[in-house]
Amino acid sequence: MERCIDRFGFSFYTERKQGKELSHLEKKSTKYQELIDYVYNLIDDGTLKSGDRLFSENELSAMFHISRQTVRRAIGELEENGVVKRIRGSGTYIGDNRQENLKKRNRIAVVTTYVDSYIFPKTIQGIEKVLSEHGYFVQIAFTNNTLEREKSVLEDMISQDDVAGVIVEGTKSGLPNPNLFLYRKLMKRRIPILFFNTFYPELDVPHVSLNDVEAGSKAVQFLIEKGHKDIGAILKLDDGQGRLRYLGYLNAMEAAGLPVKDSRMIWIDTEESRQLSLCMDRILSRLEGCSAVLCYNDQVAFQLIHLLRERKIAIPEQLAVISIDDSDLARHSEVPITSLPHPKEKLGETAANHLLEMLNGRCKNATFEFSTRVVERESTG
């Protein structure tokens with residue numbers, strides 16, 4: 001980065017790659033973003049305030065060595081994000097102080113997947129409890145774990161532009177997501193975003209969640225200590241938590257020197273996890289020869305135990321079952337389920353507190369992952 005001074009005495013930076021010239025397209029893209037960042041920086045450090053006139057297109061074109069067309073594109077994006085406003089025949093002016101406006105807002109958007117999830121009610125209680133104590137109102141939306149609904153919720157949030165911050169549970173976070181550009185729009189508007197339960201690794205956004213890798217590892221370690229060597233797993237393919245729990249499964253198996261066999265892995269999607277009978281034949285085929293199985297969560301384990309008992313398969317004598325969440329389902333299953341607790345309300349409280357710190361500019365790293373432990377019940381003997 002090279003520091004430059006404009007003719008008004010303001011600092012800005014241009015980028016150079018050492019050892020080679022930037023291509024024409026690289027230069028155009030880099031300068032375009034530099035101009036946007038430059039305006040944001042002048043506003044953030046107080047150099048430009050609400051109502052101040054921004055430099056003309058000709059001045060910005062000369063300062064950044066870009067065409068007026070590229071300048072107009074950058075100014076257009078800033079205007080779309082409410083940072084500047086153009087007045088015909090007069091010029092471009094800094095809009096209402098965005099940071100001050102954000103501080104005056106008292107609404108926090110909470111976006112989650114399901115209203116009927118056994119995790120959500122306790123989590124939202126924790127979020128609402130903390131935010132209400134600090135004078136914020138919670139605006140709740142559900143995506144039903146569909147990309148279409150997530151897109152609609154985010155577009156409405158951008159259009160309304162009335163929230164101070166967002167706490168969101170990712171939709172099918174184990175798969176590529178076409179809605180990431182909408183999250184990036186919110187980020188460009190300086191609206192703090194915090195993910196809970198799961199997150200999108202493509203976005204540089206903090207999250208508060210269970211340590212899913214550790215949970216998967218501890219569950220399998222427990223089974224190994226019980227003497228099991230042939231361990232299968234039923235995990236969600238379209239959920240980032242499923243992939244992280246699989247990594248924990250791998251870590252525990254490899255640490256114990258046990259072989260990992262693809263044939264013992266059952267990957268299911270969101271719809272199948274809610275109606276396990278749809279894929280029961282495949283599950284039985286893949287679990288053949290296994291003495292134990294790790295389930296993605298209590299919902300999956302609860303259904304599995306019921307379906308196995310219908311087929312006269314004894315739990316845990318013929319197949320030990322362990323899962324994650326330690327919900328009411330684990331305690332009230334036909335065979336009570338050994339499970340690892342999800343922090344639920346505590347997770348909600350922590351997410352809310354971290355978002356408050358982000359709103360106040362005090363939180364450098366808002367990511368936090370909860371540790372967990374095994375709660376033993378009859379399903380593992």
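How many residues does the range 296-352 hold that are hydrophobic (A, V, I, L, M, F, W, C) and farther than 30 Å from V130 by Cα?
Looking only at that region, the number is 16.
Taking the criterion of being closer than 25 Å to T112 by Cβ, without any contact (Cβ under 8 Å) to a residue 24 or more places away in the chain, more than 27 Å from the chain's Cα centre (by Cα) and not assigned by TED's automatic domain parsing to the domain that holds F195, would at least one residue in the range 337-344 satisfy it?
Within the range 337-344, none of the residues are closer than 25 Å to T112 by Cβ, without any contact (Cβ under 8 Å) to a residue 24 or more places away in the chain, more than 27 Å from the chain's Cα centre (by Cα) and not assigned by TED's automatic domain parsing to the domain that holds F195.
Might you let me know whether the range 147-157 holds any residue that is of a type in the set (S, T, N, Q), under 22 Å from E349 (Cβ atoms) and either modelled with pLDDT under 95 or in the same structural domain as N353 (by TED's automatic domain parsing) (or both)?
Scanning the range 147-157 turns up no residue that is of a type in the set (S, T, N, Q), under 22 Å from E349 (Cβ atoms) and either modelled with pLDDT under 95 or in the same structural domain as N353 (by TED's automatic domain parsing) (or both).
For R311, are the conditions met, namely being without any contact (Cβ under 8 Å) to a residue 60 or more places away in the chain, of a type outside the set (F, W, Y) and in contact with a Cys (Cβ under 9 Å, 6 or more places away or on another chain)?
Here the answer is no, as R311 does not meet what is asked.
Would you please name the residue that is surrounded by the most Cβ atoms within 10 Å (Cβ to Cβ), looking only at residues in the range 224-238 that are more than 15 Å from Q299 (Cα to Cα) and out of contact with any Cys (no Cβ under 7 Å at 6 or more places or on another chain)?
Of everything passing the filter in the range 224-238, H228 is surrounded by the most Cβ atoms within 10 Å (Cβ to Cβ).
I'm checking my understanding of the structure. Among residues of the range 122-136 that are crowded, with 20+ Cβ neighbours inside 10 Å and of a type in the set (S, T, Y), which one is nearest to D325 (Cα to Cα)?
By that ranking, first place goes to T123.
Could you list, ordered by first residue, the pairs with Cβ atoms under 6 Å in which the first is in the range 259-277 and basic (K, R) and the second is assigned to a strand (DSSP E or B), at least 6 apart or interchain?
Final answer for the pair search is R264/G232.
The values are calculated or read from the model by the stated rules, or taken from the named source; none is laboratory data. Computed from a predicted model, the values in this text were never measured in an experiment. A quick note on method: Cβ atoms are made from the backbone with ideal geometry, for glycine too, and the neighbour counts reach across all protein chains shown.
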